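The values are calculated or read from the model by the stated rules, or taken from the named source; none is laboratory data. Just so it is clear, the model here is predicted, and its values are computed rather than measured. Reconstructed Cβ throughout: ideal geometry from the backbone, glycine too, with neighbour counts over all protein chains shown.
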Amino acid sequence: MRVCVLGSGPIGIDFAVNAVARGFHVTLLERGASIAQNVCDWQHVQLFSPWHMNVSKQGKQVLEGMGRDITVFDSETVYPSGKELVDTYLHPLAEYLRKSGHCDVQTSTEAIAIGRGHFLKGQAIGSKRKGTPFTVQYKFLHDGSYGKLVADVVVDATGTYGNGNWLGAGGIPALGEQDVTMKITRDIPNVLELRNRFLGHSTAVVGSGASAITTLNALKDLASQNGEATVEVHWITRHGDSPYKRVENDPLPQRDRLAVLGNELAKGDSAGCPSNFKLTYHGHQHLHSIRQVDPNTLEMDLESDPVEGDAKYSKIQAHNVVANVGYRPCTDLHRELQVHQCYATEGPMKLAAALMAASGDASGDCLQQVAPGAQTMLNPEPDFFVIGMKAYGRSSAFLMRIGFEQVASVMELIDAP
């Protein structure tokens, strides 16, 4: 069986490892110059979850067979950084794949379209398409040339990281945002490495999720390490003075610590913050418009939620704008396939429906999730699967542990006669 896996993050790698173990021939395409490029981009970030939640049983078995020490992977108290996850776990698994004789690993290779033989999207609905191979078209980024391959099974594990949401109210762009989008950071910046960009300058951080408070904490730490230079921050959210919901007896202390910090900062409590960390909180606000006023400065108009009376507007300026407002899946890859997408999340419909049905039982804690089963991984397009973070669409509740369970579910489906 010919399997094409798109994306070499933790879940894509795990799928490739499982497929190779079954004797399938795998082609693994990675857009980045390195395996797990998305993880490399946030390698400076420490995970909320400990080692044992970020590795799979199959992955550990493979590394143990390679003679590597896997003791740390069982830890419930050690929280790896992105770099440690890549260096200690993902890169060795990629090495195994390359040496297996069953996997062609191609980096700097971007998948750009997937088709089903000569079928158009509206032809041969559902099961009538099964058995017709997929065509995956890709681009070699090092020289701009193109190629294509044929596969019996295609797995999209490309994730959502870096494909950021817009900053305006209602999820649409703020006025002028598309003109200055290259000036806006849409990931978690490595603040300490890029210190000269933030020291003595003002930064607007938009958002109130895990990425936003991670960025704010890094800016606070930067100020602590550089006592003479000011780190000025405008924090903009659509929430009030307690933007973070804490989980009672949170089993993830790193998560709880940042939630506490976020709520303290939102309430104006700067206890524990260095005096050169100057934060202004703009709660119940949306970005109305944004424009460039000089080569180094962006000006923003903030619009308050019209809770009582008409909306009010205020103006701020910043040298840096960090948009930590979540990510969305790019569905262009499978545009010509028969994929049923959820109207709310843009994830595959069966899985999205199962997740929404179960969301009331999780009490706000993503750790309470369970994988909803193999049947929820099916699409109308036979043998095409979306796994990993992209399977969750716009939701940020994804856990690697769930991704590994998705891999097992899809393997169960393709193993079935």
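Computed values, structure above
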item: Among the candidates Asp305, Asp310, Asp301, residue that is under 14 Å from Arg238 (Cβ atoms) and more than 27 Å from the chain's Cα centre (by Cα); result: Asp305
item: Members of segment 55-85 that are assigned to a helix (DSSP H, G or I) and under 30 Å from Pro189 (Cα atoms); result: Gly59, Val72, Phe73, Asp74, Gly82, Lys83, Glu84, Leu85
item: Positions within segment 366-402 being under 16 Å from Pro329 (Cα atoms) and assigned to a helix (DSSP H, G or I), in sequence order; result: Gly388, Met389, Lys390, Ala391, Tyr392
item: Test: residue in segment 125-133 that is farther than 20 Å from Ala16 by Cα, at pLDDT 95 or above and either in a strand (DSSP E or B) or under 22 Å from the mean Cα position of the chain (by Cα) (or both); result: no
item: Selected residue (criterion: surrounded by the most Cβ atoms within 10 Å (Cβ to Cβ)) from residues of segment 302-338 that are among the β-branched types (Val, Ile, Thr) and touching a residue at least 60 places away in the same chain (Cβ under 8 Å); result: Val322
item: Candidate set from segment 21-58 (those that are under 25 Å from Gly115 (Cβ atoms) and touching a strand residue (DSSP E or B) at 6+ places or on another chain (Cβ under 6 Å)); member that is surrounded by the most Cβ atoms within 10 Å (Cβ to Cβ); result: Leu28
item: All positions within segment 93-120 that are surrounded by fewer than 18 Cβ atoms within 10 Å (Cβ to Cβ) and part of a helix (DSSP H, G or I); result: Glu95, Arg98, Lys99
item: Verdict on His282 being crowded, with 16+ Cβ neighbours inside 10 Å, within 30 Å of Gln178 (Cβ to Cβ), free of Cβ contacts under 8 Å to residues at least 60 places away in the same chain and out of contact with any Pro (no Cβ under 8 Å at 6 or more places or on another chain); result: yes
item: Among the residues listed as Glu336, Glu248, the single one being out of contact with any His (no Cβ under 8 Å at 6 or more places or on another chain), assigned by TED's automatic domain parsing to the domain that holds Gly115, farther than 21 Å from Asn165 by Cβ and not small (Gly, Ala, Ser); result: Glu336
item: Per-region count, segment 12-46, residues more than 17 Å from the chain's Cα centre (by Cα) and over 24 Å from Gly144 (Cα atoms); result: 11
item: Scan of segment 5-31 for residues that are in contact with an Asp or Glu (Cβ under 9 Å, 6 or more places away or on another chain), outside any loop (DSSP other than H, G, I, E, B) and not β-branched (Val, Ile, Thr), ordered by number; result: Leu6, Gly12, His25, Leu28, Leu29
item: Pair list, Cβ < 7 Å and 6+ apart or interchain, from segment 362-389 residues that are assigned by TED's automatic domain parsing to the domain that holds Ser409 and surrounded by 16 or more Cβ atoms within 10 Å (Cβ to Cβ) to residues that are modelled with pLDDT under 95 and part of a strand (DSSP E or B); result: Asn379/Pro348; Val386/Pro348
item: Top-ranked residue in segment 164-188 [being loosely packed, with under 15 Cβ neighbours inside 10 Å and either among the small types (Gly, Ala, Ser) or closer than 29 Å to Gln406 by Cα (or both); ranked as farthest from the chain's Cα centre (by Cα)]; result: Gly170
item: Filter pass, Asp301 being among the acidic types (Asp, Glu) and not in a strand (DSSP E or B); result: no
item: Condition broken by Pro253, with the remaining ones in (1) surrounded by 13 or more Cβ atoms within 10 Å (Cβ to Cβ); (2) outside the structural domain of Ala391 (by TED's automatic domain parsing); (3) closer than 30 Å to Gly159 by Cβ satisfied; result: (1)
item: Test: Asp269 is acidic (Asp, Glu), part of a loop (DSSP other than H, G, I, E, B) and farther than 23 Å from Gly168 by Cα; result: yes
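For every residue, the table says whether it meets (1) more than 30 Å from Gly59 (Cα to Cα); (2) touching a residue at least 60 places away in the same chain (Cβ under 8 Å).
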residue: Lys99; (1), (2): no, no
residue: Cys103; (1), (2): no, yes
residue: Ser108; (1), (2): no, yes
residue: Lys121; (1), (2): yes, yes
residue: Ile125; (1), (2): yes, yes
residue: Phe134; (1), (2): no, yes
residue: Val154; (1), (2): no, yes
residue: Asp179; (1), (2): yes, yes
